[in-house]
1. Among (1) modelled with pLDDT under 95; (2) within 16 Å of ligand 1 (Cβ to nearest atom); (3) among the hydrophobic types (A, V, I, L, M, F, W, C), where does VAL218 come up short?
2. Could you count how many residues in the stretch 221-232 are out of contact with any helix residue (DSSP H, G or I) (no Cβ under 7 Å at 6 or more places or on another chain) and more than 9 Å from ligand 1 (Cβ to nearest atom)?
3. Restricting the stretch 258-298 to residues that are among the hydrophobic types (A, V, I, L, M, F, W, C) and not in a loop (DSSP other than H, G, I, E, B), which is surrounded by the fewest Cβ atoms within 10 Å (Cβ to Cβ)?
4. Can you list residue pairs whose Cβ atoms sit under 9 Å apart, with the first residue in the stretch 128-144 being free of Cβ contacts under 8 Å to residues at least 24 places away in the same chain and the second being surrounded by 19 or more Cβ atoms within 10 Å (Cβ to Cβ) and in a strand (DSSP E or B)? Count only pairs 6 or more apart in sequence or on different chains.
5. For the list (1) within 16 Å of ligand 1 (Cβ to nearest atom); (2) touching a Pro at 6+ places or on another chain (Cβ under 7 Å); (3) assigned to a helix (DSSP H, G or I), I need the number of the one condition that ASN241 fails.
6. Of the residues that sit in the stretch 306-318 and are free of Cβ contacts under 8 Å to residues at least 60 places away in the same chain and surrounded by 13 or more Cβ atoms within 10 Å (Cβ to Cβ), which one is nearest to ligand 2 (Cβ to nearest atom)?
7. Which residues, taken from the stretch 148-163, are out of contact with any Leu (no Cβ under 9 Å at 6 or more places or on another chain) and of a type in the set (Phe, Trp, Tyr)?
Amino acid sequence: MEIKYNISLKPYNTFGIDAEAKAFVSIAAEDSLTEAVSLIPEKEPLLVLGGGSNVLFTRHFNGWVLKNEIPGIEVKKENENNIWVEAGAGVNWHQFVLYCIEKGWAGLENLSLIPGCVGASPMQNIGAYGVEIKDVFEYLEAYSLHEKTFVTFSATDCKFGYRESVFKKELKNRFVITRVCFRLSKKPFFHTTYGSIQQELETMGVTELTIKAISDAVIRIRQGKLPDPAVTGNAGSFFKNPEIDTNHYLELKYRYPELPGYPASMGRTKVPAGWLIEKAGWKGYREGDAGVHDRQALVLVNYGQANGEQIYAISEKIMNSVLEKFGVELEREVNIY
Ligand code: FAD
Ligand code: NAP
C-alpha cells in the first residue's frame with residue numbers, strides 16, 4: 001500500500017481546488033481499506049473520496065484521504081422481471097449506467113452522465129429527471145469506522161430523502177461504502193414526463209422509445225446546459241432546491257407569477273433554487289476566478305485559480321440575498337471541507 005504525503009487534491013476534485021491532503025491512499029479492495037484504516041492515528045480526520053464531484057475544499061485537509069477505487073460489477077440474482085446488480089464503490093457512475101443500458105437492464109437511464117462513483121451515489125440519494133437511486137436501490141455494504149466491521153444497509157436503513165441519506169446526517173463520517181446493489185428491471189418503465197426529456201426525444205426523431213434513447217436524451221440535455229468539469233471547475237448544483245410551506249409559495253407566486261413550483265411532501269412546495277438565484281441577479285456573477293455559471297445559476301464555478309474560500313464566500317452572499325429577497329433559506333448540497 002502506497003501512502004503519499006502532502007499531496008495536492010486538485011486532480012481529485014471537480015472544482016479543481018488546489019488543497020493539500022496530509023496523507024493519501026488509494027483503496028482498491030476491502031482488505032486494503034481495513035489495513036489503511038488501521039494505520040490512521042486515532043483522532044486524525046479521514047475523508048473518503050470517490051470522483052470528488054460533490055465536495056468543496058475551503059482549506060487544506062489535515063488528515064487522511066482514502067480514494068475509493070474498489071472495482072467490479074456482478075449479477076447477484078435474477079428472475080423473470082428483475083436483475084440484481086452489485087457494483088464496487090470505485091466504479092465510475094456513468095460507465096456503470098452505460099453498462100446496464102447495454103445489457104438492457106432498466107432503471108438508471110435517467111441518471112446518465114452524473115459524475116462520480118457508485119459508492120457516493122447513496123450519500124445524497126443522487127437524482128435527476130424524475131428518478132432517484134432509492135427507486136432501484138437494494139442494499140449497500142459499508143465498513144464501520146467505529147466497530148471495524150462490515151455492515152449491510154437496506155433502503156430503510158439508509159433513510160433516503162431529497163438529496164439526503166443517513167450518511168449525510170446521523171451516520172456522517174462513520175462508514176465507508178464499499179459496494180452497492182441495484183434492483184434493475186428487464187421490463188422497462190419509461191420516465192419521460194420530467195422537464196425537457198419528451199421534447200428532446202422529439203428533436204432526436206425518436207419513434208421507438210428505449211432506455212438507450214432516454215439516456216441519449218438526458219446526455220444531450222445535460223451537455224447543453226451544464227458546464228463540463230474538465231473545462232470549468234464545478235460540483236453541479238451547489239444548493240438543494242428548497243421545499244417551502246405552500247402558503248409561502250403562494251405569496252411568492254402572487255408577487256412573481258412566473259415562479260415555478262412542484263408539489264412536495266407534507267403540504268410543501270419545491271421551488272427551483274436556480275430560479276431564485278437568477279431572479280436575485282446572480283446568474284453570470286464573477287469575482288476573480290470564482291463565479292456563478294451563466295447558463296445555470298445553481299452551479300458555482302471555478303474559472304481557473306479560485307480557491308475554496310472564494311467560492312464559499314459567493315455561496316454565502318447568494319444565501320443572504322435569496323433570504324432577504326424571497327424569505328427562502330437555501331441549503332448547500334455540496335459537502336464542505
Ligand atoms: P465525492 O465528491 O467524492 O464525495 C461526496 C461525498 O460523499 C463526500 O462527503 C465523501 O466523503 C462521501 N463519499 C464518497 N464516496 C464514499 C464512500 N464510498 N463511502 C462513504 N462516503 C463516501 N448529483 C445528483 O444527485 N444529481 C445530478 O444530476 C448531478 N449532476 C451533477 C453534474 C455535474 C456537472 C457535477 C459536477 C455534479 C453533479 N452531481 C449530481 C453531484 C455529484 O456528481 C454526485 O453527488 C455524485 O454522486 C458524487 O460522487 P463522487 O464519487 O464524486 O463523490
Ligand atoms: P430543470 O429541469 O431546469 O428544473 C429545475 C428544477 O425544478 C429541478 O432542479 C427540479 O427539481 C425541478 N423540477 C423540474 N421539473 C420537475 C418535475 N416535473 N417534477 C418535479 N420537479 C421538477 O433542472 P436542471 O437544473 O436542468 O436539472 C435537471 C435534472 O438534473 C434535475 O433533476 C436536477 O436535480 C438534476 N441535476 C442535479 C445536479 C446536482 O448536482 N445535484 C446538477 C445538475 C442537474 P429536482 O432537482 O428535484 O429534479
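The values are calculated or read from the model by the stated rules, or taken from the named source; none is laboratory data. Predicted, not measured: the structure shown is a model, and the values here were computed from it. No Cβ is skipped: glycine too gets one built from the backbone with ideal geometry, and neighbour counts run over all protein chains shown.
1. (1)
2. The qualifying residues number 6.
3. TRP275
4. Correct list of pairs: empty, since none qualify.
5. If we test ASN241 against (1) within 16 Å of ligand 1 (Cβ to nearest atom); (2) touching a Pro at 6+ places or on another chain (Cβ under 7 Å); (3) assigned to a helix (DSSP H, G or I), just (3) comes out false.
6. ILE314
7. Scanning the stretch 148-163 gives PHE150, PHE160, TYR162.
Residue by residue, here is whether (1) buried (at least 18 other Cβ atoms within 10 Å of the Cβ); (2) of a type outside the set (A, V, I, L, M) holds:
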site	(1), (2)
ILE70	yes, no
GLU102	no, yes
TYR139	yes, yes
PHE150	no, yes
